1. Report, in deg cm²/dmol and to the nearest 500, the calculated mean residue ellipticity at 222 nm for the chain, where each DSSP H run with n ≥ 4 adds -39500 (n - 2.57) and the sum is divided by the residue count.
2. Name the residues whose placed amide hydrogens come within less than 5 Å of the amide hydrogen of V249, ignoring near sequence neighbours (fewer than 5 apart) on the same chain.
3. Please work out how much length the chain gains when fully extended from A47 to K239, using 0.36 nm per residue of separation minus the C-alpha to C-alpha distance, in nm with one decimal.
4. Which order do peptides 186-195, 28-37 fall in by mean Cβ count within 10 Å, highest first?
5. How far apart, in nanometres, would the label points at D119 and A150 be if each is projected 7 angstrom from Cα along the Cα-to-Cβ direction?
6. Take the Cβ-Cβ distance between Q204 and A72 as r, set R0 to 35 Å, and report the resulting FRET efficiency rounded to the nearest 0.05.
7. With the contact rule set at Cα under 8 Å and sequence spacing of 6 or more, what percent relative contact order holds for region 79-223?
8. Can you work out the FRET efficiency for the pair D175 and Q32, with r the C-beta to C-beta distance and R0 = 30 Å, to the nearest 0.05?
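The numbers here are math on the coordinates, done by the rules we state, and not lab data. Remember, predicted model here, so these are calculated numbers, not experimental data. Positions of Cβ are backbone-derived with ideal geometry, glycine not excepted, and every protein chain shown enters the neighbour counts.
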Amino acid sequence: MPDHLPDRSLHLGLVRRFEAAGFRAWPAADVQYDGTWVIRLTPGHDAKRLNSVNPLDPGDLHDLDNRIARAAERFTAAGRPLTFRLSPLAGEKLEAHFDAAGWDTIRPSLVMALGLEGDTPVGDAMDQIPLKDVDRFITAALEVHGLGPARAPGLTDIIRAIEPEVGLFALEAEDHPLASAICVQDRDLAGLFEVATHVKVRGQGYGRRVVLSALKWAKLRGAKLAWLQVEANNEVAIKLYRSIGFEAVYGYHYRRPQGAVAEAEA
């Protein structure tokens, strides 16, 4: 986890708010609870945030070995590698437990936020009407991300399961997708997901345009605070978000038993 983030002194209420919004905005197919651990599994999509154990209370540490073993059984049955997603809500003691067991740390990421009130670039953004055709958006998004059509059913299921209002944004030129983003407005929060620019047109401002248009859409509907998740080593994306005004709020990362990373990627 990046050293510059103020996790230890952070008011955990804000973290809980963003974590809960993330669950609603990107729903898993199957959700179970073990104490305050939220176990999310989605056989139709391999994203780790949809297939992970999410501890939500630093004090919930009883019977760790047995609970981890039970979670492992659930993940095995679903055909997924056991994965824990550790935000500041997991606490340092659980982190130390995984360290002692030799678990691998993967994909450190940041949660960034931007207030939408006041002087921001959002007000000057291009007005863009979200796509109503989910299939058209998914086709565009997959091409922007460089992914094949096999991913379409899983992404379709996720989008259709989102309960808050969803804005599907795609910039196109002559029917060729340039950039895409999903914006989920959850009351006064606006969450950005799956933001990407086609590899052939990166660095030309399309990512910035689609982000600002999505946030303007959400702001006009009452959103006051925008947030997003980005991998900590994605320097290009972080630079873009910082130029808009986003700031890092906290970090999270994933833990897997030693060797499970290589097995999952084989």
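1. Calculated at 222 nm, the ellipticity per residue is -10500 deg cm²/dmol.
2. V111, M112, A113
3. Full extension of this stretch gives 66.7 nm more.
4. On the way: 186-195: 21.4, 28-37: 15.1.
Top to bottom by mean Cβ count within 10 Å: 186-195, 28-37.
5. 5.1
6. Between Q204 and A72 the formula returns 0.15.
7. For region 79-223, the relative contact order is 22 percent.
8. Numbers: r = 43 Å, r/R0 = 1.42.
The value I calculate is 0.10.
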